[in-house]
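The values are calculated or read from the model by the stated rules, or taken from the named source; none is laboratory data. From a predicted model like this one, the values you see are computed outputs, not experimental measurements. Don't worry about glycine lacking a Cβ; one is built from the backbone with ideal geometry, like all the others, and counts go over all protein chains shown. These area figures cover heavy atoms from the full protein model, side chains too; ligands, DNA and RNA do not enter into them. Shrake-Rupley method; radii C 1.70, N 1.55, O 1.52, S 1.80 Å.
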Amino acid sequence: MGRITVVQFREYRQHQLELLDHGKAGYQVIIHPPARLGGPREVPRGQEPRTFAEMIQAAKEEIDVIMGPRPPPRMGWSRG
């Protein structure tokens, strides 16, 4: 039987997160920024083992650093 890779894309703050799960062979998180911000890059695993969820969170933190602080939430529109 061949190997199966599960691929999922998620959008986060104008970036695409490509999540690749290779089963027992491991996993990868690749950040695809908008064209004006450069090319795709892989989130490094680091020295100590990280879970898939920790790598996704690290990718989101990296994007937050690049994009700056999030804007405050908008107030609801009301008819007065």
Checklist entry - Which value, in debye to the nearest 20, describes the size of the charge dipole of the chain about its Cα centre when Lys and Arg Cβ atoms bear +1, Asp and Glu Cβ atoms bear -1, and nothing else is charged? => result 300
Next on the checklist: Angle check, please: helix 52-67 long axis (alpha carbons) against the longest principal axis of the chain (alpha carbons), in degrees 0 to 90, nearest 10.
Outcome noted: 40
Checklist entry - Which order, highest average first, do 39-50, 14-25 follow once you tally other Cβ atoms within 10 Å for each residue and take the mean per peptide? => result 14-25, 39-50
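Could you tell me the relative contact order of the chain? Use alpha-carbon pairs under 8 Å, at least six residues apart, and round to a whole percent. It would help to have the intermediate numbers written out before the result.
Numbers: 86 pairs, mean separation 15.2, N = 80.
Rounded, it is 19 percent for the chain.
Could you give the accessible area per residue of the chain, probe 1.4 Å, as a whole number in Å²?
Working: 6450 Å² over 80 residues.
Spelled out: the 1.4 Å probe surface of the chain, per residue, equals 81 Å².
Pop out the carbon and sulfur fraction of the accessible area of the chain as a percent, whole number, probe 1.4 Å. Don't jump to the answer; show the numbers that get you there.
Working: 3560 of 6450 Å².
Roughly 55 percent, rounded to a whole number.
Evaluate E = 1/(1 + (r/R0)^6) for GLU62 and VAL7, where r is the Cβ-Cβ distance and R0 equals 22 Å; express this FRET efficiency to the nearest 0.05. If you can, show how the numbers build up before the last one.
Working: r = 20 Å, r/R0 = 0.92.
The pair GLU62/VAL7 has a calculated efficiency of 0.65.
Please report Rg over Rh for the chain, where both radii come from the alpha carbon positions and Rh follows the Kirkwood definition. Mind dumping the intermediate values first?
Details: Rg = 16.4 Å, Rh = 14.6 Å.
Rg/Rh: 1.13.
Can you list the chymotrypsin sites (Phe, Trp or Tyr not before Pro) in the chain that are in a DSSP coil and have 14 or fewer other beta carbons within 10 angstrom?
Working: sites: PHE9, TYR12, TYR27, PHE52, TRP77; in loops: TRP77.
Sparse-neighbourhood loop chymotrypsin sites (Phe, Trp or Tyr not before Pro): TRP77.
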Checklist outcome for this item: Bounding extents of segment 35-80 in its principal axis frame from Cα atoms, largest first in Å, are 57, 27, 14
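All other residues with a Cβ under 11 Å from the Cβ of PRO44 taken together, and with Lys, Arg as +1 and Asp, Glu as -1, what is their net charge? Working shown, then result.
Numbers: positive: ARG41, ARG45, ARG50; negative: GLU42, GLU62.
Charge balance in the 11 Å sphere: +1.
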